[in-house]
Amino acid sequence: MGKTFQRPEALSDTMTHYCPGCTHGIIHRLVAEVIDELGIRKRTVGVAPVGCAVLAYNYFDCDFQEAAHGRAPAMATGIKRVRPDLVVFTYQGDGDLASIGMGEIIHAANRGEKFTTIFVNNAIYGMTGGQMAPTTMPEQRTTTSPFGRNVEDVGMPIKVAELISALQTPAFISRQTVIKPKYINKAKKAILKAFTYQVEKKCFSLVEIVSTCPTNWGMTPLDAITWTEENLLTYYKLGDYKTPD
Amino acid sequence: MGKVLMKGNEAIGEAAIRAGCLNYFAYPITPQSEVAEYLTKRMPEVGGVFLQGESEVAVAYMIFGAAGAGERVFTTSSSPGISLMSEGISYIAGAQCPAVFVNIMRGGPGLGGILPSQADYNQATKGIGHGDCRMLVMAPASVQEAVEMVMNAFPLAEKYRNPVMILGDGLIGQMMEPVEFPDHLKTEPSNKDDWASNGMDHRKRSERNLVRSLFLDPTALNDNNLQLKAKYDQMKKEEVRSESYNSDTDYKVLIVSYGTMSRVCRTAIDALKEEGIDVAMVRPQTVFPFPEQAVRDAAQKESCKQVISIEMSMGQMVEDVERSVRGGKPVHWFGKCGGDVPTPEEVVDVVKSLIN
Ligand SMILES: Cc1ncc(C[n+]2csc(CCOP(=O)(O)OP(=O)(O)O)c2C)c(N)n1
């Protein structure tokens, strides 16, 4: 019997810097599998965010550009407009995409830029040590909301998939998670669709992935999974929000 | 091709195309929106890319992405817009990518005004972004020179893999003058396969290319900064350009002035000559690197008693003039801020007040 499970070619053979229980690694793997399956590694350019995934290029074995905080969709626009033959994706966190970079993602999506965004929503700023994000849940404690997010003061968490779906142009918007195997298969399918639509030159595509941050949530990896199911998935509903066909 | 009468902003757009730059991203702002209005028609004719971005912040990163993919790319803006682009310019310099930025300056600070100014001198030459980053900055004094500088900017940006800026004032953008376009540039962005993330299957080498400015390891960061410094030092050796006027006389006063302001000074120098007063001028064509040697040599001439920096700002270039003269002769400043361009008569009066 041959090998049934191996490292995708689009992933590098290297140590991870992500924390135990963090889902960035799973998401990286799914994206890499999709890149392999579509056979696009050598014409793919990734755009790394500023956040825990800033070093994404240490894991993906393809060309990469590193954006400033929030600006990945503008960079991807620049790459894709001048080289439409390349496959371009951004990989962004919720602070990156939904706070400082909200303008860039909305406009890139609304122009229908033909790249793919993988949006990792872990309801917190991971890299800078657990500050409140626009996606932080009501009452959720962070270092800048030590008594819990006060929605009277800072509003309700932003639902990015729904928000972008309200625009007419963007055509494939989906929200998934990878906290359990049953979700992982669906997430993979969504990512595959997102890249396929790009390869077919159809549309802008965004897959939001509800993720965990045990370190900054102050939980064990297992508790983080339970907390995600009970608190995040009830607010951030999974499913396809828009499809082009 | 003979001479054509063209508005500066349109000529700048056409010059970029003739330099082989077929990618333009921009956000409208007075007094340079005509570049975008021109290129929105011209780029499709030549199979190029035109995109109006959602902000100057985004535009700077569209430029970064395109430059990082190894394609010639440029943008144009004016003072407040350049402030928004400065974050991106720092990243582009850090990641060592070539790109061309045109700043058709208007008065500031804040919204300032929409009339010509040279008040972004310090920003352009000394503080374009955070970190140890610098740009090669060229300052045209005519539409013709703007065309030539834009066309030279692309190979220079590629030579140094660094942003290059054309620093013009509102008059350069708005005025109509006859221009003659040099032949199309034949050069291609060189050696981009060594560094651009233009897709692995595009290149002979099998390694991937990373375009980035993050160096968490202090040694690597230091190495990157040493590479940048070496480039800036090389610019100081190889790219300094200036022009002198009436300098073969026994002038008593040396004017240092650039851009539109230098043309006013030229008129004043001619008028003074008719009155028997010789005044010379050094006109920096590059403001970074600054023509220190040319200014110092001109100031050192025995007949020269006074040096004056005349600029459309509240005294910015004068610091570079002082630095160049190094205390050898007294250095003065005269200028006005945006909109109110000093007249030749005012310059004549100021110069006379120095020698009486
Ligand atoms: C302009 C700018 N502002 C602030 C920062 C600091 N910063 C780095 S990462 C980050 C938050 C990242 O959070 P998120 O996007 O949610 O990604 P995660 O780390 O959780 O994966 C911030 C604020 C920066 N690098 N640049």
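From the phi of every residue in the stretch A:172-182, what ³J(HN,Hα) in whole Hz does the Karplus formula 6.51 cos²θ - 1.76 cosθ + 1.60 yield, where θ is phi - 60° and glycine or proline is x?
10, 10, 9, 10, 9, 9, 10, 6, 9, x, 5
Need one number: convex hull volume per residue for the stretch B:1-147, Cα atoms only, in Å³. Spell out each step's value before the answer.
Values: hull volume 15.7 nm³, N = 147.
Given the Cα convex hull of the stretch B:1-147, per-residue volume reads 107 Å³.
Determine the calculated [θ] at 222 nm for chain A from helices alone, applying -39500 (n - 2.57) to every DSSP H run no shorter than 4 residues and normalising by the residue count; nearest 500 deg cm²/dmol. All intermediate terms of the calculation are to be shown ahead of the outcome.
Values: 8 runs with 76 residues, N = 245.
Result for chain A: -9000 deg cm²/dmol, rounded to the nearest 500.
What number in nm² do you get for the stretch B:1-82 if you take the convex hull of its Cα atoms and divide its surface by four? Let's see the in-between values first.
On the way: hull surface 22.0 nm².
Taking a quarter of the hull surface, the average projection is 5.5 nm².
Residues of the stretch B:261-287 with the amide nitrogen closer than 12 Å to a label point 7 Å from the Cα of B:S353, along Cα-to-Cβ, please.
Under 12 Å, as judged by backbone N against the label point of B:S353, lies no residue of the stretch B:261-287.
For the stretch B:73-163, what is the convex hull volume of its Cα atoms per residue in Å³? Mind showing how you got there, number by number?
Details: hull volume 7.8 nm³, N = 91.
About 85 Å³ per residue, rounded to a whole number.
Placing one identical point scatterer on every Cα of the stretch A:1-140 and ignoring solvent, what is log10 I(q)/I(0) from the Debye formula at q = 0.14, 0.22 Å⁻¹?
The computed values of log10 I(q)/I(0) come out as -0.65, -1.38.
What is the ratio of the Cα radius of gyration of chain B to 2.2 N^0.38 Å, where N is its residue count, to two decimals? Walk me through the numbers on the way to the answer.
Numbers: Rg = 20.7 Å, N = 356, 2.2 N^0.38 = 20.5 Å.
Dividing the Cα radius of gyration by 2.2 N^0.38 Å gives 1.01.
For A:Y59, B:Y27, B:Y38, give the ranking by accessible area with the largest first, probe 1.4 Å. All intermediate terms of the calculation are to be shown ahead of the outcome.
Values: A:Y59 20, B:Y27 80, B:Y38 40 Å².
So, going from the largest accessible area down, we get B:Y27, B:Y38, A:Y59.
Between B:G81, B:G170, B:G47, where does the largest GNM mean-square fluctuation fall for chain B, given springs only between Cα atoms within less than 10 Å?
Looking only at B:G81, B:G170, B:G47, the biggest GNM fluctuation is shown by B:G47.
Ordered by residue, what ³J(HN,Hα) values in Hz, to whole numbers, does the stretch B:3-17 give under the Karplus form 6.51 cos²θ - 1.76 cosθ + 1.60, where θ = phi - 60° and Gly and Pro are x?
Working through the residues one at a time gives 7, 10, 8, 9, 6, x, 4, 5, 4, 5, x, 5, 4, 4, 4 Hz.
Determine the relative contact order of the stretch B:4-238: mean sequence separation of Cα pairs under 8 Å and six or more apart, normalised by residue count, in whole percent.
Across the stretch B:4-238, relative contact order equals 24 percent.
Taking Rh as the Kirkwood radius, which is the inverse of the mean 1/r over Cα pairs, what is the Rg/Rh value for the protein assembly as shown? Can you show the working numbers first?
Working: Rg = 27.3 Å, Rh = 25.9 Å.
Radius of gyration relative to Kirkwood radius: 1.05.
Long-range amide H contacts for A:I209: which residues qualify at under 5 Å (H placed 1.01 Å from N, peptide plane, sequence gap of 5 or more or a different chain)?
Residues meeting the amide H criterion: A:F119, A:V120, A:N121, A:Q176.
How high is the relative contact order of chain A, in percent, with contacts defined as C-alpha pairs under 8 Å that are six or more residues apart? Kindly include the intermediate steps, with their values, before the conclusion.
Values: 503 pairs, mean separation 47.0, N = 245.
Worked out over chain A, it gives 19 percent.
What fraction of the DSSP beta bridges in the stretch B:248-309 is antiparallel, stated in percent and rounded to the nearest 5?
Values: 0 of 8 bridges.
Counting only bridges with both partners in the stretch B:248-309, antiparallel ones make up about 0 percent.
Tell me the net charge near B:E54. Cut-off is 9 Å between Cβ atoms, B:E54 excluded, with +1 for each Lys or Arg and -1 for each Asp or Glu. Each step should come with its number before you reach the end.
Working: positive: A:R111; negative: A:E104.
Surrounding charge for B:E54 is 0.
Of B:F50, B:F288, which has the most accessible area and how do the rest follow, probe 1.4 Å? Before the final figure, lay out the partial values.
Values: B:F50 55, B:F288 10 Å².
Greatest to least solvent exposure: B:F50, B:F288.
According to the Cα gyration tensor, what semi-axes, each the square root of 5 times an eigenvalue, does the equivalent ellipsoid of the stretch A:140-245 have, listed from largest to smallest in whole Å? Working shown, then result.
Working: eigenvalues 163, 66, 19 Å².
Equivalent ellipsoid semi-axes, largest first: 29, 18, 10 Å.
Just check the stretch B:180-223 against the gyration tensor rule for me: Cα atoms, a ≥ b ≥ c as the square roots of the eigenvalues, rounded for a/c under 1.5, and otherwise prolate or oblate depending on whether a/b exceeds b/c. Let's see the in-between values first.
Working: a/c = 3.89, a/b = 1.67, b/c = 2.33.
Oblate shape, in that a/c is at least 1.5 and b/c is the bigger or equal ratio.
Please check: in the Gaussian network model of chain A (C-alpha springs, under 10 Å), which one of A:M102, A:M15, A:M127 has the largest mean-square fluctuation.
Answer for the Gaussian network model of chain A: A:M15.
Report the dimensions of the stretch B:36-80 along its three principal axes from the alpha-carbon atoms, largest first, rounded to Å.
28, 25, 15
Rounded to the nearest 5, what is the percent of antiparallel bridges among the DSSP beta bridges in chain B? List each step's numbers first, then the result.
Values: 11 of 43 bridges.
If we restrict to bridges inside chain B, about 25 percent are antiparallel.
How charged is the neighbourhood of B:M314? Take every other residue with its Cβ under 14 Å from the Cβ of B:M314, and add Lys/Arg as +1 and Asp/Glu as -1.
Details: positive: B:K336; negative: B:D120, B:E311, B:E319, B:D340.
Once all neighbours under 14 Å are counted, the net charge is -3.
Rounded to the nearest 5, what % of the DSSP beta bridges within the protein assembly as shown are antiparallel ones?
Numbers: 17 of 77 bridges.
Roughly 20 percent of the DSSP beta bridges within the protein assembly as shown come out antiparallel.
So what J values fall out for the stretch B:83-89 if you push phi through Karplus, 6.51 cos²θ - 1.76 cosθ + 1.60 with θ = phi - 60°, rounded to Hz, Gly and Pro as x?
Rounded to whole hertz, the list is 4, 5, 7, 5, 4, x, 4.
Beyond 18 Å, what percent of the Cα pairs of the stretch A:1-47 remain? Each step should come with its number before you reach the end.
Numbers: 399 of 1081 pairs.
Above the 18 Å cut-off, the stretch A:1-47 has 37 percent of its Cα pairs.
How large is the Kirkwood hydrodynamic radius of the stretch B:242-355, in angstrom, based on all distinct alpha carbon pairs?
Hydrodynamic radius (Kirkwood, Cα only) of the stretch B:242-355 equals 13.5 Å.
Below 13 angstrom from the Cβ of A:L233, what's the summed charge of the other residues (Lys, Arg +1; Asp, Glu -1)?
Values: positive: A:K159, A:R175, A:K180, A:K182, A:K186, A:K237; negative: A:E208, A:E229, A:E230.
For residues surrounding A:L233, the net value is +3.
Per the helix-only calculation at 222 nm, which mean residue ellipticity applies to chain B, given -39500 (n - 2.57) for every DSSP H run of n ≥ 4 and division by its residues, nearest 500 deg cm²/dmol? Before the final figure, lay out the partial values.
Details: 12 runs with 149 residues, N = 356.
My calculation for chain B gives -13000 deg cm²/dmol from helical runs alone.
If DNA, RNA and ligands are ignored and the probe is 1.4 Å, what is the ranking of B:D194, A:D94 by accessible area, most exposed first?
B:D194, A:D94
Stretch B:D132-B:R241 to full length: gain in nm at 0.36 nm per residue minus the Cα-Cα span? Working shown, then result.
On the way: separation 109, 0.36 × 109 = 39.24 nm, distance 2.29 nm.
The B:D132-B:R241 span can extend by a further 36.9 nm.
Identify which of A:H28, A:H17, A:H69 has the largest mean-square fluctuation in a Gaussian network model of chain A, with springs joining Cα atoms closer than 10 Å.
A:H17
With +1 on each Lys and Arg Cβ and -1 on each Asp and Glu Cβ, how big is the dipole of the stretch A:24-242 about its Cα centre, in debye rounded to the nearest 20?
Values: 24 positive and 21 negative charges, 157 e Å.
Magnitude of the dipole: close to 760 debye.
Compute the Kirkwood hydrodynamic radius of chain A, taking the inverse of the mean of 1/r over all pairs of distinct Cα atoms, and give it in Å to one decimal. Each step should come with its number before you reach the end.
Values: mean 1/r = 0.0561 Å⁻¹.
One decimal place: 17.8 Å for the Kirkwood radius.
Considering only lysines 8 or more places apart in sequence, or on different chains, count the pairs in the stretch A:85-234 whose C-alpha atoms sit under 16 Å apart. Walk me through the numbers on the way to the answer.
Details: A:K114/A:K193; A:K114/A:K201; A:K114/A:K202; A:K180/A:K188; A:K180/A:K189; A:K193/A:K201; A:K193/A:K202.
Total qualifying Lys-Lys pairs in the stretch A:85-234 comes to 7.
The values are calculated or read from the model by the stated rules, or taken from the named source; none is laboratory data. Keep in mind that what you see is a predicted model, and the values were worked out from it rather than measured. Using ideal geometry, Cβ is built from the backbone for each residue, glycine included, and neighbour counts are taken over all protein chains shown. Protein only, heavy atoms only, side chains kept; ligands, DNA and RNA dropped before computing areas. Shrake-Rupley method; radii C 1.70, N 1.55, O 1.52, S 1.80 Å.
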